[in-house]
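First the structure, in the form of structure tokens, and then the observations on it.
The values are calculated or read from the model by the stated rules, or taken from the named source; none is laboratory data. Here the structure is a predicted model, which means the values were calculated and not measured. Here Cβ is always computed from backbone atoms with ideal geometry, including for glycine, and neighbour counts include all displayed protein chains. Ligands, DNA and RNA are stripped out before the accessible areas are found, and what is left, the full protein with its side chains, is counted by its heavy atoms. Shrake-Rupley method; radii C 1.70, N 1.55, O 1.52, S 1.80 Å.
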Amino acid sequence: LEPSGPVLGAFDHAGYRESLARLNPGDTLLCYTDGLTEARRGANFFGEDRVMKMMGRTGPCEPSVCVAEAFETVMRFTGGNLSDDLALLAISLDISKHHTRSRAA
């Protein structure tokens, strides 16, 4: 998913474009504020590339594990000093609860 408008909640009459993405069993969607990507170590930002590498390393995981991994990774990167607020939300479709119905012919 790509950003489709200004920051949420900052403007009274902001417009946003809707997008759809399929979340398959085993996929995890990590939502985060700019406090993650703009976290700094000196002049270096954590950035989108590090988010993608981090998620690639964790592979399929429970939402709580993904959130914990993201938080721990950014805290290691910054030396434990965040300069902005940070919100993380992970969503996944539980493989064990996913089933298909079959019809008798």
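In the chain, the DSSP-assigned H stretches of four residues or longer account for a calculated mean residue ellipticity at 222 nm of -9000 deg cm²/dmol, using -39500 (n - 2.57) per stretch and the full residue count as denominator. Carbon-plus-sulfur accessible fraction, the chain (probe radius 1.4 Å, protein heavy atoms only): 53%. Taking amide H atoms as placed 1.01 Å from N in the peptide plane, the amide H of Glu38 lies under 5 Å from those of Gly47, each 5 or more residues away in sequence or on another chain. Based on protein heavy atoms only, segment 25-90 ends up with 59 Å² per residue of surface accessible to a 1.4 Å probe. Put one equal scatterer on each alpha carbon of segment 1-93, apply the Debye formula with no solvent term, and list log10 I(q)/I(0) at q = 0.10, 0.19 1/Å to two decimals. Listed by q, the Debye log ratios stand at -0.30, -0.99. Between Asp84 and Leu29, full extension at 0.36 nm per residue minus the direct alpha carbon distance yields a gain of 17.6 nm. Rounded to the nearest 20 debye, the dipole size of the chain about its Cα centre is 480 debye, using +1 on the Cβ of Lys and Arg and -1 on the Cβ of Asp and Glu. Net charge in the neighbourhood of Met75 (other residues with Cβ under 12 Å of its Cβ; Lys, Arg +1, Asp, Glu -1) is 0.
Under the simplified labelling scheme, the Ala14-Arg57 pair shows an inter-label distance of 3.1 nm, with each label point 7 Å from Cα along Cα→Cβ.
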